[in-house]
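Each remark here refers to the structure printed beneath this line.
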Amino acid sequence: MDSFKDMELRGWTEKARFYDDHFASVTRQAIGPVLAGLGEMTGQSLLDICCGTGDLAMAAAQNGADVTGVDFAKPMVDIAKTRVPSAHFAVADAEALSFEDARFDLATCAFGLWHLGDPDRALAEAARVLRPGGLYAYTAWRPPAEGWDLMGMLMTAVNAHGTVDVDLPPAPPPFRFAQEPEARQALRAAGFGTVVFQKNMSIWIGDTGTDLIDLLYKGIVRAPMLLDAQEPDAKEAILNDLKSGAEALREGGKIRMRWPYATVFATKSRG
């Protein structure tokens, strides 16, 4: 069986071309809080880790940063190069960065830790390539109990019609880095000192429940793995529950679903 990391890489390689049309509207809402926390970045060197199709890299470059972006999925990098010609992009593993120590003033990772096989190693690598006193910012999805409509619906439907006990590779705990005590402990172990933890909310807006299924299958990797591992009848029932659940959140003619996330800033220790 492929590893969790292998399956994530294959998924994002296949779905890169759909990302901007189906999921970027949610993740782009985190750019403002990240930039606000990073402050003035004119002339600062910034490494955007797990850069995807380049949204955060573009915003940082427009704010004056000298941006380098890396992602493990080549199609993502290819799209980012086209969209942000002023930045530098490369295919790279967040858990084994090729840059020298203390190379960057700033580093970011927007929703990337969720997709890594060894996220603690990625934190240590981010710390290594930052200069002492450099600032690292990441975003991470918060648990369903904190208002994540889609994930709450999904797990309720799976438990009602199917099972979470499916033949998939083991994954790291998904919400560690969005829970403040765990996040602080992991960041300090990686070499960071001061940590600032914020809670934010993105909103997905769709026209129909079918739009939500398109989002799942064209903009997300992990949830379709779980869905496709169900028995056919169970999968159909789960998808129907998701569609009807989405319709129940229709407001003002549009479906609106909450996606809570944490924005975390950590300063590289000087010692």
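The values are calculated or read from the model by the stated rules, or taken from the named source; none is laboratory data. Here the structure is a predicted model, which means the values were calculated and not measured. Cβ placement follows ideal geometry from the backbone for every residue including glycine, while neighbour counts extend to all protein chains displayed.
Among the helices (runs of 4 or more DSSP H) confined wholly to the range 1-83, which include 1 or more residues that are polar (S, T, N, Q)?
On the way: elements: 4-22, 24-27, 31-38, 55-62, 74-83.
It comes to 4-22, 24-27, 55-62, 74-83.
Any residue that is within 27 Å of residue 15 (Cα to Cα), modelled with pLDDT of 95 or more and of a type outside the set (Phe, Trp, Tyr) - is there at least one of those in the range 179-194? Explain how you work it out, then say what you get.
Of the residues in the range 179-194, the ones within 27 Å of residue 15 (Cα to Cα) are none.
Checked against the condition, which is being within 27 Å of residue 15 (Cα to Cα), modelled with pLDDT of 95 or more and of a type outside the set (Phe, Trp, Tyr), the range 179-194 yields no hits at all.
Looking at residue 34, is it aliphatic (A, V, I, L, M) and in contact (Cβ under 8 Å) with a residue 40 or more places away in the chain?
Values: aliphatic (A, V, I, L, M): yes; in contact (Cβ under 8 Å) with a residue 40 or more places away in the chain: yes.
Yes; evaluated as a whole, the condition is true for this residue.
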task: Would you mind stating whether residue 251 is modelled with pLDDT of 95 or more, of a type in the set (Asp, Glu) and either in contact with a Phe, Trp or Tyr (Cβ under 6 Å, 6 or more places away or on another chain) or loosely packed, with under 14 Cβ neighbours inside 10 Å (or both)?
output: no
statement: Residues in the range 137-175 that are in a helix (DSSP H, G or I) and either touching a residue at least 24 places away in the same chain (Cβ under 8 Å) or buried (at least 19 other Cβ atoms within 10 Å of the Cβ) (or both) total 11
message: Yes or no: the range 107-115 includes at least one residue that is closer than 30 Å to residue 257 by Cβ and assigned to a loop (DSSP other than H, G, I, E, B).
response: yes
query: Is it true that some residue in the range 195-217 is within 30 Å of residue 122 (Cα to Cα), among the small types (Gly, Ala, Ser) and more than 22 Å from the chain's Cα centre (by Cα)?
result: no
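Residue by residue, here is whether (1) under 13 Å from residue 153 (Cβ atoms); (2) not in a helix (DSSP H, G or I) holds:
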position: 186; (1), (2): no, no
position: 196; (1), (2): no, yes
position: 204; (1), (2): yes, yes
position: 210; (1), (2): no, no
position: 213; (1), (2): yes, no
position: 218; (1), (2): no, no
position: 230; (1), (2): no, yes
position: 235; (1), (2): no, no
position: 243; (1), (2): yes, no
- prompt: Checking residue 89 against (1) part of a helix (DSSP H, G or I); (2) touching a helix residue (DSSP H, G or I) at 6+ places or on another chain (Cβ under 9 Å), which test does it fail?
  reply: (1)
